[in-house]
Amino acid sequence: MKYVDEFRDREKAATLVKKIQGLVSEIPIAKDRPIAIMEVCGGHTHSIFRYGIEGMLPKEIELVHGPGCPVCVLPMGRIDDCVAVAERPEVICTTFGDAMRVPGSRKSLLQAKADGADVRMVYSPMDSLALARKNPDREVVFFGIGFETTMPSTALTILQAEAEGITNFSVFCNHITIVPTIKAILDSPDLQLDGFLGPGHVSMVIGTKPYEFVSRYYRRPMVVAGFEPLDVLQSIWMVLKQIKEGRAEIENQYARIVPDDGNDRALEAVAKVYELREFFEWRGLGSIDHSGVRMRDRYAVYDAERKFTMPHIKIADPKSCQCGEVLKGVIKPWQCKVFGTACTPETPLGALMVSSEGACAAYYQYGGIKKQRVAS
C-alpha cells in the first residue's frame, strides 16, 4: 500500500477484526480474563480513539494506555523549574505548544506568558536557535522534551550552536528514554500485561533490538506498530498470534518506516551530546533509574540547568487528579473522579488532559465523556 486512505480501508479493517475475533476464541486465557495489551506510545492512544478501534475489538481484549506521551509524564517540579527560568527578564523561553499548557504547582508556561514572561511557541529547537541569533542580548532557553524521537533534533541544534559559536542559547533538558520505562512497567505489581504495541516514532530512531529484553527476560510479545488504523489492527493481530502460538518475540509491523538497527546518524548525535542521568522523576511512575538524559560536560554552556538557578523541588499532583493511576494503566481516564468535570482540555488539572496524545484528552475528545456519564 502507498497512500494514506489505503491504510484506512473499512473492508480491510473488518477483515482484520474477524481474524482477531478468531484468534481470541482460540486463546485459553481469554475465557478467564481479558487479554491485556499495552500501547506504549501516546500516538497510538490517539489513533485508537480517533478511529474507534477500541470499540471494534472483542470484549476479551483490553487495551491498556501506557506512559508514552512525553508531555504527560513531566512532573510538576520540572514545570516549576522551567517557569522560574522563563520569568527571568533576560530570558526568552521557547517550547512546543502542548508543553505551554501543562500545569505546574503555581502556573503553567502559558499563564507565565500572560503574566509578562517572554514565552514563545516554536516548532523545532532550530527555531529557538534562530531566535538566539536575532537576539544576541537575550538568553534563549529551549524546553527540550520527548523520548528518543525528539532527542536527535535537540542534539543536532546544540551541535549547530557550537559550530556557530552561539552561547546565548541553552536547553532545559527533559528528554527521556523508553527502555527503562517499559522495564519499570513490567516490574510493576499493579499490572498484568500479555503483550505490547511498541512505539513507532521512537523505534524509527533506536530500531527494534533494544526491546529484546521484553521477550527474552519477561516472555512478553511486542509488535512495533504504525499509526494508521490498519497498522494498529494488524499489530494487535500479530500480538495475539504470538500469544496463541506460545511465542514471545519482537516483531516489526512498521517496517516501511522503522529499520531494525535504527538511524545511525541520529544515534551518533544523541551519543555525542547526551549521557544518562542516574535517575529521572516521572509523573505517576516515580523515580526511574537511567530513564532520562542530560548534556555531557563538554556542552555545559548549553545546559540551562547549569546556567540558571532552579528550585528543583518535588511537587506532588493534586489529590483529586489520578494521572498516575491512568499512566500506569490501573484505571481508565473516565474512572478518574474529576474527568470531564473539574478537569477538561480547557481547564486541565493533570497533564494527561493537555496533550492530544494524552489518554484523558483522547477519551474526552472522542466520546469517553459519555462513558463516564453512563458509568456514574
Check your understanding: What strands (runs of 3 or more DSSP E) lie completely within region 127-211 and have 1 or more residues being over 21 Å from Met100 (Cβ atoms)?
Key -> 195-198
Point to revise | Matching option when the condition is farther than 19 Å from Ala269 by Cα, surrounded by 18 or more Cβ atoms within 10 Å (Cβ to Cβ) and not charged (D, E, K, R), among Gly146, Gly200, Gly207 | key: Gly200
Exercise for review: Check whether at least one residue in region 233-243 is under 17 Å from the mean Cα position of the chain (by Cα) and touching a residue at least 24 places away in the same chain (Cβ under 8 Å), and report yes or no.
Suggested key: no
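This table checks each residue for (1) of a type in the set (Asp, Glu); (2) modelled with pLDDT under 95; (3) under 26 Å from Gly43 (Cβ atoms); (4) out of contact with any strand residue (DSSP E or B) (no Cβ under 9 Å at 6 or more places or on another chain).
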{"residue": "Val141", "(1), (2), (3), (4)": "no, no, no, no"}
{"residue": "Thr154", "(1), (2), (3), (4)": "no, no, yes, no"}
{"residue": "Thr157", "(1), (2), (3), (4)": "no, no, yes, no"}
{"residue": "Ala163", "(1), (2), (3), (4)": "no, no, no, yes"}
Exercise for review: Give region 255-285 a look and list any residue that's small (Gly, Ala, Ser) and within 11 Å of Val73 (Cβ to Cβ), or say none.
Suggested key: Gly284
Exercise for review: Return the only residue of Glu90, Glu11, Glu39 being touching a strand residue (DSSP E or B) at 6+ places or on another chain (Cβ under 6 Å), acidic (Asp, Glu) and free of Cβ contacts under 8 Å to residues at least 60 places away in the same chain.
Suggested key: Glu90
Check your understanding: helices (runs of 4 or more DSSP H) wholly in region 1-89 with at least 1 residues that are surrounded by fewer than 16 Cβ atoms within 10 Å (Cβ to Cβ) - which ones?
Key -> 10-24, 42-50, 53-56
Revision key, fill the gap. Requiring at least 1 residues that are surrounded by fewer than 17 Cβ atoms within 10 Å (Cβ to Cβ) and on the phi < 0 side of the Ramachandran plot, the strands (runs of 3 or more DSSP E) wholly within region 226-294 are 274-276, 279-282, 286-289
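The values are calculated or read from the model by the stated rules, or taken from the named source; none is laboratory data. Because the structure is a prediction, the values reported are computed rather than measured. Every residue, glycine as well, gets a Cβ built from its backbone with ideal geometry; the counts of neighbours run over all protein chains shown.
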